[in-house]
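Contents: one structure, followed by commentary.
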Amino acid sequence: QRLKAAVHYTVGCLCQEVEDDKDVRFSKQSIAAISEITFRQCEIFAKDLEMFARHAKRTTVNTEDVKLLARRSSSLLRFITQKSEELALNHMEQKEKKKKKASAAKGGRTPGEQAAAVTENEDSNMS
């Protein structure tokens, strides 16, 4: 019920934006109908995503499932692909930052600095 109410509220806000932008009016009944259709379509999408993951013998829906769902809308598929790539890039950057922090916390040096220090120690031991 709360989710349905949230969808109804969001649809109402979007309709308000369209009203302001296009000088068109939406009746309460039309907003309710759009909300109901939107909610039902979201339920269908959720079931489809679940089935895509299950078909791939997974229990988790991933971005490939979402791309498969959006395949009929080229603009939506393009948008999802772009966002997916951005998220992957950000994730890799975060991993790199964590690695640097972890190595700095261990020895206070980056891997390159640690290698140089080992070489320096070996040189001083030979003298």
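The values are calculated or read from the model by the stated rules, or taken from the named source; none is laboratory data. Since this is a predicted model, take the numbers as computed values, not measurements. Virtual Cβ from ideal backbone geometry, glycine too; neighbours counted across all protein chains shown. Please note that ligands, DNA and RNA were not included when accessible areas were found on the heavy atoms of the full protein model with its side chains. Shrake-Rupley method; radii C 1.70, N 1.55, O 1.52, S 1.80 Å.
Okay, here's what the table says:
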{"quantity": "Matching option when the condition is surrounded by 10 or more Cβ atoms within 10 Å (Cβ to Cβ) and out of contact with any Lys or Arg (no Cβ under 8 Å at 6 or more places or on another chain), among S30, S35", "calculated": "S30"}
{"quantity": "In region 57-73, residue least open to solvent (accessible area, probe 1.4 Å) [restricted to those that are hydrophobic (A, V, I, L, M, F, W, C) and more than 14 Å from the chain's Cα centre (by Cα)]", "calculated": "A70"}
{"quantity": "Matching option when the condition is closer than 28 Å to Q1 by Cα and not in a helix (DSSP H, G or I), among T60, T38", "calculated": "T60"}
{"quantity": "Filtered residues of region 74-89 (kept if closer than 17 Å to N62 by Cβ and exposed (fewer than 11 other Cβ atoms within 10 Å of the Cβ))", "calculated": "Q82, E86, L89"}
{"quantity": "Pairs, first open to solvent by less than 80 Å² (accessible area, probe 1.4 Å) in region 1-24, second basic (K, R), C-beta under 8 Å, six or more apart", "calculated": "E19/R25"}
